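One structure is given here, and the rest of the page talks about it.
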Amino acid sequence: MKRQVIYIFLLGLVIFFSGCKKQDETSDVLDKVLSRGKLIVGVKFDTKPFGYIDEKQNLTGFDVDLAKHIAKNLLGSEDKIEFKQVTPSNRILTLNSGQVDMIIATMTITDERKEVIDFSKPYYMAGQAILVPAKSDIGSMADLNGKRVIIIFGSTAEKNTRLMAPEAKISGYKTYTNGYSALKQGRADAITSDDTILMGFAMQDDSVKLLPKRYSKEPYAIGFKKGESSTRLRQRVDLILDEMIKSGQLNKLKAKWIKY
């Protein structure tokens, strides 16, 4: 009888804590944000002009400003926000592990990514481009065949490059800073990624040039943890983006950061 009572007690504890865990996993993210009084956003720290550390060691950029605007709309102040650094290779893991409420990090909507996370409406349209040394004779994607080409792990550029230049010798880097440094050091002939990101390097360095052609359309959107727990937050963010479009605020943000 005593053993039976203990068994029932332990079983009750298991059921209780399992229920708590399930409730925590499915709790509404918007409610968490409002209760916490702070929005936690994953952004890049090395992707000028979207998210980067400036000369004064401040985190700034297009995505940073967009995140602050969302925080102001949700919580009444753009200061009620915390930024966590993410890279193309870890941003989805960071999101799905619950470390952040959303990701605003030059993330392109793809069918593969839609299987594992949810997206807002697009807020920017980029395109895949190629950055090469200023004296390079590379003029197109076809010219990358047989050349050493840098991609960033977790970006869409690798798949596109393998399709359009199957003989390219591709090497991957975790961050744009490391990839760009490798190009500058002569360890590669080109780097391919979104035009907006590569433009940030070309604007401040005359020793490289951005080729004019674009090889894809890359709709950037805000990423959310997949499932019902993020639905209300995603819907609110979509409404905020709609209002930014109607009021012209999104275009003002583009004019501020995108200088080409």
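The values are calculated or read from the model by the stated rules, or taken from the named source; none is laboratory data. Please read these numbers as outputs of a predicted model, since none were measured by experiment. When we count neighbours, we look across all protein chains shown, and the Cβ atoms used for this are built from the backbone with ideal geometry, even at glycine. Areas reflect the complete protein model, heavy atoms only, side chains present, ligands, DNA and RNA absent. Shrake-Rupley method; radii C 1.70, N 1.55, O 1.52, S 1.80 Å.
A count restricted to the stretch 189-220 and to residues that are over 18 Å from Lys259 (Cβ atoms), crowded, with 22+ Cβ neighbours inside 10 Å and among the small types (Gly, Ala, Ser) stands at 1.
Matching residues to (1) under 22 Å from Asp63 (Cβ atoms); (2) of a type in the set (A, V, I, L, M, F, W, C); (3) touching a Phe, Trp or Tyr at 6+ places or on another chain (Cβ under 7 Å):
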| position | (1), (2), (3) |
| --- | --- |
| Lys147 | no, no, no |
| Ser155 | yes, no, no |
| Thr177 | yes, no, no |
| Phe201 | yes, yes, yes |
| Gly227 | no, no, no |
| Arg234 | yes, no, yes |
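Working only within the stretch 191-209, note down all residues that are touching a Leu at 6+ places or on another chain (Cβ under 8 Å) and more than 15 Å from Pro49 (Cα to Cα). The answer is Ile191, Thr192, Val208, Lys209.
The single condition from (1) among the acidic types (Asp, Glu); (2) in contact with a Ser or Thr (Cβ under 8 Å, 6 or more places away or on another chain); (3) assigned by TED's automatic domain parsing to the domain that holds Lys44; (4) modelled with pLDDT under 95 that Glu112 fails is (2).
Yes/no per residue for (1) farther than 18 Å from Glu218 by Cα; (2) open to solvent by 10 Å² or more (accessible area, probe 1.4 Å); (3) touching a residue at least 12 places away in the same chain (Cβ under 8 Å):
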{"position": "Leu34", "(1), (2), (3)": "yes, yes, yes"}
{"position": "Phe45", "(1), (2), (3)": "yes, yes, yes"}
{"position": "Asp54", "(1), (2), (3)": "yes, yes, no"}
{"position": "Lys68", "(1), (2), (3)": "yes, yes, yes"}
{"position": "Lys72", "(1), (2), (3)": "yes, yes, no"}
{"position": "Ser77", "(1), (2), (3)": "yes, yes, no"}
{"position": "Ile81", "(1), (2), (3)": "yes, yes, yes"}
{"position": "Tyr123", "(1), (2), (3)": "no, no, yes"}
{"position": "Ala126", "(1), (2), (3)": "no, no, yes"}
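Could you please find all residues in the stretch 235-253 being in a helix (DSSP H, G or I) and either among the aromatic types (Phe, Trp, Tyr) or open to solvent by less than 60 Å² (accessible area, probe 1.4 Å) (or both)? Give the steps one after another, and end with the answer.
First, pick out the residues of the stretch 235-253 that are in a helix (DSSP H, G or I): 235-247, 249-253.
Scanning the stretch 235-253 gives Val237, Asp238, Ile240, Leu241, Asp242, Met244, Ser247, Leu250, Leu253.
Keeping to the stretch 83-101, report how many residues are touching a Ser or Thr at 6+ places or on another chain (Cβ under 8 Å) and open to solvent by less than 50 Å² (accessible area, probe 1.4 Å). Write out each step before concluding.
Step one: list which residues in the stretch 83-101 are touching a Ser or Thr at 6+ places or on another chain (Cβ under 8 Å), which gives 84, 86-88, 100.
Now narrow it down to the ones that are open to solvent by less than 50 Å² (accessible area, probe 1.4 Å): 86-88, 100.
Within the stretch 83-101, residues that are touching a Ser or Thr at 6+ places or on another chain (Cβ under 8 Å) and open to solvent by less than 50 Å² (accessible area, probe 1.4 Å) number 4.
Checking each residue in the stretch 106-121 for being open to solvent by less than 10 Å² (accessible area, probe 1.4 Å), closer than 22 Å to Lys213 by Cα and not hydroxyl-bearing (Ser, Thr, Tyr) picks out only Met107. So Gly186 passes all but one of these: (1) of a type outside the set (A, V, I, L, M); (2) in contact (Cβ under 8 Å) with a residue 40 or more places away in the chain; (3) loosely packed, with under 14 Cβ neighbours inside 10 Å. Which condition number does it fail? Going through the list (1) of a type outside the set (A, V, I, L, M); (2) in contact (Cβ under 8 Å) with a residue 40 or more places away in the chain; (3) loosely packed, with under 14 Cβ neighbours inside 10 Å, Gly186 breaks only (2).
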